[in-house]
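Only one structure is covered here, and it is reproduced in the block below.
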Amino acid sequence: MPINKIQRFQRWLHKAEDLLLASVLFVMLFLAVADIAMRLITGGSLIWIPPVLQVLVLWLGLLGALLASRSQEHIAIDIISRFVGPFGKKICGISGSLFAAMVCGIVAFYSVEFIKQSIEYDDIAFAQVPAWPLQIIIPFTFSLMALRFFFHTLGFISIQDYQPNPALKGENV
């Protein structure tokens, strides 16, 4: 696949991630304001709003982690790479990205197993809503993060002075 198609797909994926994250945040804000307004005006609110907000917090957190992994602004323990030369940085980049890809892949795999069990046992989240559609964000985000870290690993292997986030180039991150 030519680089242009890969870059176009990557840009499309980033826009879709941003749109999903913004939509979840907007829905959360709308529901929270509606809940507060209903409590002030009527003294009560819809019983399903607090559990939906709890689920949306999970979605927002995982989508935020996905965004952070995209821009290399996630939590990383990279003490060694600060004290080594270019070859050491390359080795740290390869090993760190490969390890992160494996961990995210394992979490994605077991979260799929978790969802299968949720379907099998007919887990209910709230108000007769099955739990599994609300949990689908877990394997989705961890699969994308695993792929992203795997591609970073390939980048560190095949590209000289590879920087996953060009905006951070030259900084001691």
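Values quoted throughout were computed directly from the atomic coordinates according to the rules given, and no laboratory measurement underlies them. Computed from a prediction, not measured in an experiment: that's the story for all the values here. All Cβ positions, even for glycine, are placed from backbone atoms using ideal geometry, and neighbour counts span all protein chains on display.
Starting from the Cα of Ile136, step 7 Å toward the Cβ, then list every residue of segment 89-125 with an amide N under 20 Å from that point.
Answer for this model: 107-125.
At a 10 Å Cβ-Cβ cut-off, how would you order Lys116, Lys90, fewest neighbours first?
Lys116, Lys90
In whole Hz, with x marking every Gly and Pro, tabulate ³J(HN,Hα) for segment 24-41 from phi via Karplus 6.51 cos²θ - 1.76 cosθ + 1.60, θ = phi - 60°.
Values per residue, Gly and Pro as x: 4, 4, 4, 4, 4, 4, 4, 5, 5, 5, 4, 4, 5, 4, 5, 5, 6, 7 Hz.
Taking only Cα atoms, what is the 0 to 90° angle, nearest 10, from helix 137-158's long axis to the longest principal axis of the chain?
Rounded to the nearest ten degrees, it is 10.
For the chain, what is the calculated [θ] at 222 nm in deg cm²/dmol (nearest 500), taking -39500 (n - 2.57) for each run of four or more DSSP H residues and dividing by its residue count?
That calculation yields -25000 deg cm²/dmol at 222 nm.
How much length is gained on full extension from Asp122 to Glu17, taking 0.36 nm per residue of separation minus their Cα-Cα distance?
34.9 nm
Hey, fewest Cβ within 10 Å first, where do Tyr110, Tyr162, Tyr121 land in order?
By the 10 Å Cβ count, ascending, the order reads Tyr121, Tyr110, Tyr162.
Over segment 3-168, what is the relative contact order in whole percent, taking alpha-carbon pairs under 8 Å and six or more residues apart?
25 percent
How long, wide and thick is the chain, going by the Cα atoms along their three principal axes, in whole angstroms, largest first?
Here the Cα extents, ordered largest to smallest, are 64, 37, 35 Å.
For Ile94, Ile137, what's the fewest-to-most ordering of other Cβ within 10 Å of each Cβ?
Going from least to most buried by this count: Ile94, Ile137.
The chain: longest stretch without exposed GluC sites (Glu not before Pro) (DSSP loop, at most 15 other Cβ within 10 Å), sites themselves excluded?
So the longest stretch without any such site is 74-170.
Please work out how much length the chain gains when fully extended from Phe151 to Val57, using 0.36 nm per residue of separation minus the C-alpha to C-alpha distance, in nm with one decimal.
Using 0.36 nm per residue and subtracting the Cα-Cα distance, I get 31.0 nm.
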